[in-house]
1. Could you tell me whether residue 474 is under 16 Å from residue 255 (Cβ atoms), outside the structural domain of residue 353 (by TED's automatic domain parsing) and charged (D, E, K, R)?
2. Out of everything in region 32-63 that is without any contact (Cβ under 8 Å) to a residue 60 or more places away in the chain and part of a helix (DSSP H, G or I), what residue ends up being farthest from residue 190 (Cα to Cα)?
3. Restricting the search to region 331-358, which residues are under 19 Å from residue 206 (Cα atoms) and among the charged types (D, E, K, R)?
4. Where residues in region 273-310 are in contact with an Asp or Glu (Cβ under 9 Å, 6 or more places away or on another chain) and not hydrophobic (A, V, I, L, M, F, W, C), which of them is surrounded by the most Cβ atoms within 10 Å (Cβ to Cβ)?
5. Considering region 556-600 alone, what residues qualify as being farther than 12 Å from residue 431 by Cα and of a type in the set (Lys, Arg)?
6. Could you tell me whether residue 89 is more than 21 Å from residue 245 (Cβ to Cβ), assigned to a helix (DSSP H, G or I) and of a type outside the set (Val, Ile, Thr)?
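The values are calculated or read from the model by the stated rules, or taken from the named source; none is laboratory data. These numbers come from a predicted model, not from an experiment. Counting neighbours? That spans all protein chains shown, and the Cβs are built from the backbone with ideal geometry, glycine included.
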Amino acid sequence: MVSTQNRAVLYVTFPIYFCLLIGATFWAYRKMANLKRNETADTLSAHYIGGRDFGPWLMCGTLFASMYSGYTVVGIPNEAYAYGWIALRWMPTFASIVTGLIGTSFRLRRISSFRNHQSPVDFITDRFQSQVLRYTVVTLQIMTTIIFLAAQVTAIKLTFNSMFGIDPNNVYPVIIIMFVTLIFECIGGLNSVALTDSIQAVIMLFAFTSIPIIMVVNFGGWRDLTPSTYPQPTFYQTISQDAQVNFWQFSFINFAFFTLPHFIQRIYAVKDLSSLKLGYAVLTVGPWIAGFVGVFIGTVGVTLLVDETTNEPLPDISDPFTSILEKVMDLGGIAKWCAAIAITASLAAIMSTADSLIIAISQLIVVEIIYPAIPNTPPSRMAWYGRMSSLFAVTFSCIIGLVWEEGVSDLGKIQFPLTMQVVPPFLIGLFAYNQFVDAHPWCIASSTILSSLFVIGIYFGYLKHPSMDPVAMDPGIVGVIMQFGLIAFFESSYRLITNKGLFLERNNKRDSDTVEGHRGIDKNAIMENSNELLYSDRPAWDVPPMNRFCGDVLTLTPQLVWKSMDGFFEPLTNIYWMVLMFVALSMCTPLVPQYEPPYVSGEGFLYPPVIVNGLPWWAFKIILLVLIPFLLLIYAIYQIPNAFPMDSDNELKLRTEGISNVNLLPLTQKEMGKRLSYDETNPLIYRRRATISNTMEQMGISAAAKSATMALQPPTLNQKRLRNLVTGHDSSVIVPEASSSNDGSMDC
């Protein structure tokens with residue numbers, strides 16, 4: 001609890017913080033109105049993906065604040081205070097999170113640019129064309145996001161009530177803060193969320209750089225710790241074998257964060273790839289500012305919260321983080337103000353993640369559940385359904401968060417494993433390169449449902465009962481391994497039952513360049529431009545409406561997905577990089593004999609532990625080894641291009657070769673912002689693509705390069721027109737009817 005004397009400073013920092021949030025929300029409201037007035041975004045896309053123009057600084061701020069939430073700011077210091085340096089397990093798991101993001105988001109971003117994906121589940125819907133799989137993923141995403149939001153509620157109750165000496169069971173402060181956050185989200189949408197996130201990120205950055213410096217100067221740092229005087233000497237022992245297994249599993253469990261809807265929203269909202277790359281670079285550095293510092297605050301804080309006569313830890317510390325900052329505030333002067341800002345930062349971190357989760361849940365409920373039921377409702381009215389959905393999300397999460405007694409970290413023990421169960425549908429959809437390695441959507445859906453039920457059953461029926469002496473297992477890791485096995489089993493059974501054979505024809509270099517009955521036509525080209533349902537042996541009710549994706553004339557096949565990424569470096573498609581990252585993350589786990597050196601209560605260690613700069617040697621080793629995966633991530637982000645390669649990189653290439661696949665042409669801002677019902681077709685992009693195809697036909701050019709003589713000639717009127725059409729600058733063209741392409745399907 002913060003004393004009455006120190007609390008006066010908080011009465012200054014808190015109002016200033018909320019005033020900044022109000023100003024940001026007002027700016028966001030004005031921006032959203034301008035987007036709709038300029039017709040660059042409809043009401044829903046303006047509210048949920050902010051007009052798709054988030055620049056580098058806004059992207060850095062919103063990603064940083066969304067990532068480092070109550071789990072980080074409050075959870076890590078409290079975990080380090082209670083269990084010691086084992087809390088360093090958060091460092092490799094942060095590296096795993098960034099690995100998932102940089103490995104998948106650029107592909108999701110590219111596909112969204114030519115298919116106009118807006119919802120976090122649009123890719124799954126478009127790629128697999130299955131209502132069963134779609135609603136399976138929607139249900140899991142809503143469930144895990146609500147649990148994540150409930151964790152923020154628990155963190156607010158833990159910190160805010162503790163700050164002001166309010167009864168821990170008093171729910172009114174939590175409810176008020178959550179509903180203030182809800183109001184900000186409802187008024188300004190994702191623009192408000194992103195800008196308030198950026199403000200909160202600056203506050204967190206200041207707090208987590210100033211507090212450790214103050215603690216080192218006034219209380220000493222790790223170098224000053226000794227096992228003989230440390231209030232928790234057993235923290236110097238090597239961790240148990242079970243803890244080591246859990247450490248390794250925890251290093252990988254949060255790879256699944258790329259499937260969280262609030263991260264996918266930002267992938268669609270960013271203006272360009274350079275902004276997205278910079279945001280991920282900040283996320284790569286962020287763990288050393290937030291997570292690493294949190295471990296420092298918690299472990300050094302053990303020396304502050306002790307009985308001065310016995311040097312024993314004080315009992316019944318419900319919120320060590322706030323209590324440690326109270327000791328810093330007692331120093332007075334600048335330290336007092338820095339600690340007050342740090343306490344404000346803890347609330348800022350929680351609120352920043354909470355508003356991101358609220359708007360993500362709202363979009364899922366509105367776009368994936370309500371909108372399909374009333375498809376002709378105007379977007380402006382659907383926005384009000386969105387606000388009601390946000391209210392539902394906040395109310396339900398408050399109930400869970402206030403009832404849950406085990407704390408923030410315990411909610412993560414069920415949320416992280418359930419989030420992991422969404423990984424296989426996304427990975428198969430993104431990286432299956434042909435029908436041989438693809439899977440039937442019902443096989444994926446049934447496996448996802450079974451593995452999710454397994455996670456819930458194991459957690460509540462087994463791991464939550466210490467009396468059973470549960471083995472060291474993470475239900476998420478076990479569940480996802482089981483899910484991949486089930487997918488392989490169900491898919492093999494399906495192919496045998498339907499007489500398709502266990503192994504479908506593989507489309508690789510050994511195949512003929514032509515398909516029987518399609519003389520001279522490239523098989524890959526056929527699959528890239530197919531308009532057939534990938535799995536046609538399903539009832540009509542399982543096939544969702546697809547017009548909004550151009551899916552009525554073109555299927556998002558595995559070949560089309562890979563074709564869209566030609567010439568673009570992706571870490572997850574480089575097997576050597578992935579193996580190296582897996583080994584680097586695994587090496588962070590301290591594989592050591594457990595409970596060394598032995599400690600006898602009242603007598604001390606049987607022999608002195610090995611210390612390096614005040615740290616137990618195994619903790620120092622973790623810090624050194626965890627640098628490797630972060631350096632690999634920095635290298636990968638540097639290697640990723642700042643823009644997607646296009647067929648029209650330069651005017652000369654466009655004049656001589658045209659564009660190889662008009663269906664991969666990105667939509668312009670105006671084309672993306674014209675959705676006025678749930679599943680209407682997009683006539684603007686249909687017409688532009690058809691006109692480009694007709695213009696190329698009139699010019700007599702194809703994907704094959706023309707002669708150098710033609711390249712040296714000055715551009716003709718048609719060539720200039722083609723360039724303007726491809727770049728979306730020609731708005732005065734006469735648009736003919738869409739023409740059929742050579743493979744028999746209609747160009748979109």
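1. Yes.
2. Per the criteria, the residue is 37.
3. 336
4. Result: 294.
5. none
6. So residue 89 fails the test.
For (1) within 20 Å of residue 86 (Cβ to Cβ); (2) not in a helix (DSSP H, G or I), each residue gets a yes or a no:
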| residue | (1), (2) |
| --- | --- |
| 198 | no, no |
| 202 | no, no |
| 209 | no, no |
| 217 | no, no |
| 238 | yes, yes |
| 245 | yes, no |
| 251 | yes, no |
| 256 | no, no |
| 274 | no, no |
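Yes/no matrix, rows are residues, columns are (1) among the polar types (S, T, N, Q); (2) part of a helix (DSSP H, G or I); (3) modelled with pLDDT of 95 or more; (4) surrounded by 12 or more Cβ atoms within 10 Å (Cβ to Cβ):
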| position | (1), (2), (3), (4) |
| --- | --- |
| 607 | no, no, no, no |
| 618 | no, yes, yes, yes |
| 622 | no, yes, yes, yes |
| 629 | no, yes, yes, yes |
| 644 | no, no, no, yes |
| 654 | no, yes, no, yes |
